[in-house]
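A.B. asks: Supplied in structure tokens, the structure appears directly below.
The values are calculated or read from the model by the stated rules, or taken from the named source; none is laboratory data. The structure displayed is predicted, hence computed values, not measured ones. A quick note on method: Cβ atoms are made from the backbone with ideal geometry, for glycine too, and the neighbour counts reach across all protein chains shown. Note: accessible area is taken over every heavy atom of the protein model, side chains too, but ligands, DNA and RNA are not part of it. Shrake-Rupley method; radii C 1.70, N 1.55, O 1.52, S 1.80 Å.
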Amino acid sequence: MENEEQKKVVRKPRFLCLHGFRTSGEIMKKQIHKWPQNVLDKLDLVFVDAPFPCNGKSDVEGIFDPPYYEWFQFNKEFTEYTNFDECLEYIEDYMIKHGPFDGLLGFSQAYVEY
């Protein structure tokens, strides 16, 4: 007979996945799903789109279909940022509404945020 400890289901580590500059959650999902299946089977990955539609050409046009998104905007010198605080608020709100999360997986522009 199984005891209560044996009946407990082990929860997979849950990661919020934040895509790169001018891509999308769906694009990141397609890229990540090239990882070994035995790794993917052990994780609960949640993909979210950035809050802002992209304001320019995406480097993945012609490789992946739109839509494309940005987490925030910046000038050519990377010295001035626009919508950065709004971006952080968006991620925090998402984590509160859809969490809990055990970690973040950020790529490119998404990594800069944390």
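A.B. asks: Residues of the range 20-110: accessible area per residue at 1.4 Å, in Å²? Before the final figure, lay out the partial values.
C.D. replies: Numbers: 5890 Å² over 91 residues.
I get 65 Å² per residue for the range 20-110.
A.B. asks: Would you grab the residues whose amide H sits under 5 Å from the one on GLY106? Only those 5+ places off in sequence or on another chain, please, with H modelled 1.01 Å from N.
C.D. replies: Amide H neighbours of GLY106: LEU18.
A.B. asks: Here's something else I'd like to know. Based on Cβ point charges of +1 for Lys and Arg and -1 for Asp and Glu, what charge dipole magnitude is obtained for the range 20-110 about its Cα centre, in debye rounded to the nearest 20? Don't skip to the answer; put the middle values down first.
C.D. replies: Numbers: 8 positive and 16 negative charges, 87 e Å.
Using only the charged Cβ atoms, the result is roughly 420 debye.
A.B. asks: Enumerate the residues in the range 59-73 having an amide nitrogen under 15 Å from the point lying 7 Å beyond the Cα of PHE101 toward its Cβ.
C.D. replies: Those under the cut-off are 71-72.
A.B. asks: Students often get this wrong: which residues of the range 8-29 have the backbone nitrogen under 17 Å from the point 7 angstrom along Cα-to-C-beta of THR82?
C.D. replies: So the set is 22.
A.B. asks: Now, a different point. Below 23 Å, Cα to Cα, which lysines can LYS34 reach? Residues fewer than 8 away in the same chain don't count.
C.D. replies: LYS12, LYS42
A.B. asks: Compute the relative contact order of the chain as a whole-number percentage, counting only Cα pairs closer than 8 Å that sit 6 or more residues apart in sequence. Show your work: numbers first, answer last.
C.D. replies: Values: 157 pairs, mean separation 40.5, N = 114.
36 percent.
A.B. asks: Can you give the convex hull volume of the alpha carbon atoms of the chain per residue, in Å³? Present the calculation step by step, with values, prior to reporting the outcome.
C.D. replies: Working: hull volume 14.0 nm³, N = 114.
Per-residue hull volume (Cα only) is 123 Å³.
A.B. asks: Could you check how much of the accessible area of the chain is carbon and sulfur, as a whole percent, using a 1.4 Å probe?
C.D. replies: On the chain, the fraction of accessible area on carbon and sulfur atoms equals 54 percent.
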